[in-house]
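**Student:** To start, I am sharing the structure in question, which I have written as structure tokens.
The values are calculated or read from the model by the stated rules, or taken from the named source; none is laboratory data. Please read these numbers as outputs of a predicted model, since none were measured by experiment. Don't worry about glycine lacking a Cβ; one is built from the backbone with ideal geometry, like all the others, and counts go over all protein chains shown.
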Amino acid sequence: MPKLTYFDFPGSRGEECRLALHAAGVAFEDDRIPGASWPNLKDQTPYGGLPTFEVEGRGVLAQSNAILVYIGREHGLHPRDNWLAARHEELLSACEEARVQVFPILRITDPEQKKQAREELAAGFLKRWGDCVERRLRELGDGPFTSGDALQVADIKLYMIGRWFSSGGVDHVPKDVFGGCSRLLGVERAVAEHPKIVEWYAR
Ligand SMILES: N[C@@H](CCC(=O)N[C@@H](CS)C(=O)NCC(=O)O)C(=O)O
């Protein structure tokens, strides 16, 4: 059985890989490590981060986007056409770019600086990011998923980013920060309503 290793929480890079595996119908070992054991494990991972994905007879794969594309290619959740696949991979990269911009700002603890930085993030980077993704998604058609009516790994990654903010869980970032991005919101909704995703969260 392949093994997906990540921290024990239902979000971000590890959760999107779990969702992709479940959506693909792959039985996998859902290895959730306690935060306290991470310092000892960090240097044993290829790049010092999680998730990692271990496949018997092959080895360990790191980097969430590489893991998602591998799962997608193996199980029909990534386009076969090279150009369309690259358009999906562009969106995967855009999601990682958003995380790299957002995480340092979320670590600010001073209340005043935190509020200001998050408001600037919402009005600046996130607004532009949403508009760019929205434009690219519209170019790919009417959906409801990234390029049609079949769930792909890019949809799952976009869902994780959308849900992060639409859940209202990030103080000072309005939950409707992507409110003008109907196509992006449509992808988020379609993933949330997909039977395999509903099934995962009903466990
Ligand atoms: N580019 C990597 C980033 C991996 C990463 O930074 N993961 C975070 C969790 S989402 C992590 O391992 N943090 C702990 C650390 O960096 O020590 C990916 O996409 O997988």
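**Student:** All but one of (1) without any contact (Cβ under 8 Å) to a residue 24 or more places away in the chain; (2) touching a helix residue (DSSP H, G or I) at 6+ places or on another chain (Cβ under 9 Å) hold for Gly124; state the number of the condition that does not hold.
**Tutor:** Unmet condition: (2).
**Student:** Considering only residues that are within 12 Å of the ligand (Cβ to nearest atom) and either exposed (fewer than 11 other Cβ atoms within 10 Å of the Cβ) or without any contact (Cβ under 8 Å) to a residue 24 or more places away in the chain (or both), which ones fall in segment 26-36?
**Tutor:** Gly35
**Student:** Let me ask something else. Can you list residue pairs whose Cβ atoms sit under 9 Å apart, with the first residue in segment 145-164 being in the same structural domain as Leu184 (by TED's automatic domain parsing) and the second being among the hydroxyl-bearing types (Ser, Thr, Tyr)? Count only pairs 6 or more apart in sequence or on different chains.
**Tutor:** As it stands, the answer is Gln152/Thr146; Ala154/Thr146; Ala154/Ser147; Asp155/Thr146; Lys157/Ser64; Leu158/Thr146; Met160/Ser12; Trp164/Ser12, since those pairs meet every condition given.
**Student:** Only residues that are within 15 Å of the ligand (Cβ to nearest atom), not small (Gly, Ala, Ser) and not in a helix (DSSP H, G or I): list them for segment 1-25, please.
**Tutor:** Leu4, Thr5, Tyr6, Phe7, Asp8, Phe9, Pro10
**Student:** Can you give me the number of residues within segment 34-68 that are within 22 Å of Glu96 (Cα to Cα) and either β-branched (Val, Ile, Thr) or in the same structural domain as Arg163 (by TED's automatic domain parsing) (or both)?
**Tutor:** 4
**Student:** Please state which of the following conditions Glu89 fails to meet, knowing it meets all the rest: (1) of a type in the set (D, E, K, R); (2) surrounded by fewer than 16 Cβ atoms within 10 Å (Cβ to Cβ); (3) more than 18 Å from Trp200 (Cβ to Cβ).
**Tutor:** Every listed condition holds for Glu89 apart from (2).
**Student:** Mind counting the residues in segment 147-182 that are assigned to a helix (DSSP H, G or I) and within 17 Å of the chain's Cα centre (by Cα)? Lay out the reasoning, then the answer.
**Tutor:** Filtering segment 147-182 for residues assigned to a helix (DSSP H, G or I) gives 153-166, 182.
Applying the additional criterion that residues be within 17 Å of the chain's Cα centre (by Cα) yields 153-166.
Qualifying residue count, segment 147-182: 14.
**Student:** Moving on. Could you go through segment 103-116 and let me know if any residue there is surrounded by fewer than 14 Cβ atoms within 10 Å (Cβ to Cβ), of a type in the set (Ser, Thr, Tyr) and within 16 Å of the ligand (Cβ to nearest atom).
**Tutor:** no
**Student:** Ok, one more. Looking at segment 193-203, which of its residues are part of a helix (DSSP H, G or I) and farther than 11 Å from Leu151 by Cβ?
**Tutor:** Val198, Glu199, Trp200, Tyr201, Ala202
**Student:** Let me ask something else about it. Of the conditions (1) at positive phi; (2) in a helix (DSSP H, G or I); (3) of a type outside the set (Lys, Arg), Ser93 clears all except one; give me its number.
**Tutor:** It is condition (1) that Ser93 fails.
**Student:** On to the next question. In this structure, does Ala66 turn out to be out of contact with any Gly (no Cβ under 8 Å at 6 or more places or on another chain), closer than 24 Å to Ile161 by Cβ, outside any loop (DSSP other than H, G, I, E, B) and near the ligand (Cβ under 10 Å from one of its atoms)? Can you show your working first?
**Tutor:** Numbers: out of contact with any Gly (no Cβ under 8 Å at 6 or more places or on another chain): yes; closer than 24 Å to Ile161 by Cβ: yes; outside any loop (DSSP other than H, G, I, E, B): yes; near the ligand (Cβ under 10 Å from one of its atoms): yes.
So Ala66 passes the test.
**Student:** Do we find that Gly76 is surrounded by fewer than 19 Cβ atoms within 10 Å (Cβ to Cβ) and away from the ligand (no atom under 13 Å from the Cβ) in this structure?
**Tutor:** yes
**Student:** I would also like to ask the following. Restricting to segment 46-56, give me the number of residues that are out of contact with any Cys (no Cβ under 6 Å at 6 or more places or on another chain) and within 8 Å of the ligand (Cβ to nearest atom).
**Tutor:** Counting residues in segment 46-56 that are out of contact with any Cys (no Cβ under 6 Å at 6 or more places or on another chain) and within 8 Å of the ligand (Cβ to nearest atom) gives 4.
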